[in-house]
Amino acid sequence: MTWGFLTFGDAAIGMGHVFRCLSLARAAKAARPELKIEFLVDTGQKAFEILKKSGLAEVRMMPEDAKLSGEFEVLVVDRLETPTGRLQDLKRHARCLVCLDDAGPGHFMADISINALYPCLLPRPAGSVTDSRQGFEFLSLDPAFARAGYQVRHPVRELFLTQGGADTYGLVPKLVEGLAPWLLRHSQATLHIHTGPAFEFERELSAVLENAKFNWQRHRDIGDMPSLLAGMDVAVSSAGMMAFELASAGVPVILVTGESKEVPVASRLEACGSAVSLGYFDDNSIDRLLLSLDRLSSDEALRSKLSKTARKMIDGQGIERILAAIFQHIRG
C-alpha cells in the first residue's frame, strides 16, 4: 500500500507544510512498516531537497497543472486552499483523501479534513460526508517536542528567536536589532538566532550582527530541535508551526508575525493562556516586545504558568489522532 503526501514550501510560503508532512509520514511508517511513502512537491526546490534528504521515501515534483498518476491508499494534501478541480482529480486516485488546513471549498471534498491552524468557517454543503476535525489537538507535530525536558529557570539566560523555516518578511534582522537594548542590559543572556532552510536575508542579518556587543549564536540545519528548545528560557517566534513546537516543548513564547493569516492563530494561543501575542509586526512592535520580554524575564511564576498551559494544550498526540481517523476511515 502507498501513502502519498502532496505539499509545498519555499521562501514565500514557509516550510511548515513540509515538516509536518514529514512528521506524519514517519509516524505512519512506524505504525505500518509495510507502507510505501511517496512525496509529491508542487512548489519549492527547497521542499524537494529537504524531503529527498530525509531518505524516507521517493520524492517527485508535481506542478499544479500536472495530472496525478498512480493509486494511493491514502493521499494527504497539505497546501491550504487547493482548487476544487484539482482535488476532484486527486480524489480519483485515492481511497482516502485527507486535506490539512484547507479552509476553502475543498475542505468538504476530502474524506477527512484536518484544520488544526486555520478553521474552516464555510457551511457544510448538502450531502457532504467529510469527516471534519478542527482544533490545535490535531496538529501534525513530532511528539518528541512534548518529551523535551524544559524547566523554568531564573534568571533568563537563553533567548530563542525564530520566524520559522523561511522568515518570508525578513523580520529576523529587525528583531535582532530591536532586541539589542534588552540584551545589553542583560549581559548574562545569549540570543539564539534560528534561521531555516529557506531563509533569504543573510546579508541583512550579517550587517546587524557584525558589530553586535551582546552574546549571540546562530542555529541552522539543526539535527535535534526538541533538545535545543529544551535549553531555552524564553522565545520570540512567528505563529506558524514553530510556535507550536515551542509550545509543545513548554518554552514561554512571545509571538509576532509578518503573516496576516497567522495573527488569529497567535490570538487564539494567547486567549488559551499559552503565549503572549503582539500580533502583526508594525512600527510599535519592538517597543511592545521589549516590554513583554521585561515582564516575562522578571516573572518566573508567569513563565511557569505559560509553560504548563502550553504543554497541556499542545500535548504531542496530534499525529496519533490524525492516524486514528485515517485508519478508522480505511477500515470502514
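Quick note: the coordinates plus some simple rules give every number you see, no bench work behind them. All of these numbers come straight from a predicted model, not from anything done at the bench. For neighbour counting, all protein chains shown are included, and Cβ atoms are generated from backbone atoms with ideal geometry for every residue, glycine included.
Details
- For the pair region 277-312 / region 7-83, the C-alpha centres are spaced 34 Å from each other.
- Segment ARG95-TYR169, length gained on full extension (0.36 nm per residue, minus Cα span): 22.8 nm
- Structural size metrics of region 158-313, computed from C-alpha coordinates, are Rg and Dmax of 14.2, 41 Å.
- Charge dipole (the chain, unit charges on Cβ, about Cα centre) - positive-most of ILE37, LEU179, TYR280: ILE37
- Full extension of the segment from SER54 to GLN328, taken as 0.36 nm per residue of separation minus the current Cα-Cα distance, would add 95.8 nm.
- Largest GNM mean-square fluctuation across SER267, SER69, SER277, computed for the chain with C-alpha springs under 10 Å, falls on SER69.
- Sequence-distant lysines (8 or more away, or on other chains) whose Cα lies within less than 29 Å of LYS308: LYS261
- Residues whose placed amide H lies under 5 Å from that of SER113, excluding near-sequence neighbours: CYS99, ASP131, SER132, ARG133
- Fluctuation leader among GLY178, GLY55, GLY273 - the chain, Gaussian network, Cα springs under 10 angstrom: GLY55
- Relative contact order (%) - criterion: Cα under 8 Å, at least six apart; region: the chain: 16
- Dimensions of region 90-202 based on its C-alpha atoms, expressed as ranges along the principal axes with the largest first, amount to 62, 32, 26 Å.
- Nearest 10 degrees, 0 to 90: helix 318-331 Cα axis against the chain principal axis: 0
- ³J(HN,Hα) computed for each position of region 243-255 - Karplus, 6.51 cos²θ - 1.76 cosθ + 1.60, integer Hz, glycine/proline x: 4, 7, 5, 5, 5, 5, 6, x, 7, x, 10, 9, 9
- Note on region 127-181: the C-alpha convex hull projects to 7.5 nm² when averaged across all orientations.
- Gaussian network model of the chain, springs between alpha carbon atoms under 10 Å - residue of ARG218, ARG79, ARG133 with greatest fluctuation: ARG218
- For region 144-151, putting each phi into the Karplus relation 6.51 cos²θ - 1.76 cosθ + 1.60 with θ = phi - 60° gives couplings of 4, 5, 5, 8, 4, x, 5, 9 Hz, in residue order, rounded to whole numbers and with x for Gly and Pro.
- Here the 3J(HN,Hα) profile of region 119-126, calculated from phi with Karplus coefficients 6.51, -1.76 and 1.60 at θ = phi - 60°, is x, 8, 9, 6, x, 5, x, 4 Hz, Gly and Pro shown as x.
- Distant-in-sequence amide H partners of VAL253 (H built 1.01 Å from N, under 5 Å): ALA235, VAL276
- Taking amide H positions as modeled 1.01 Å from N, with prolines and chain starts lacking one, the residues under 5 Å from MET61 and 5 or more places away or on another chain are VAL41.
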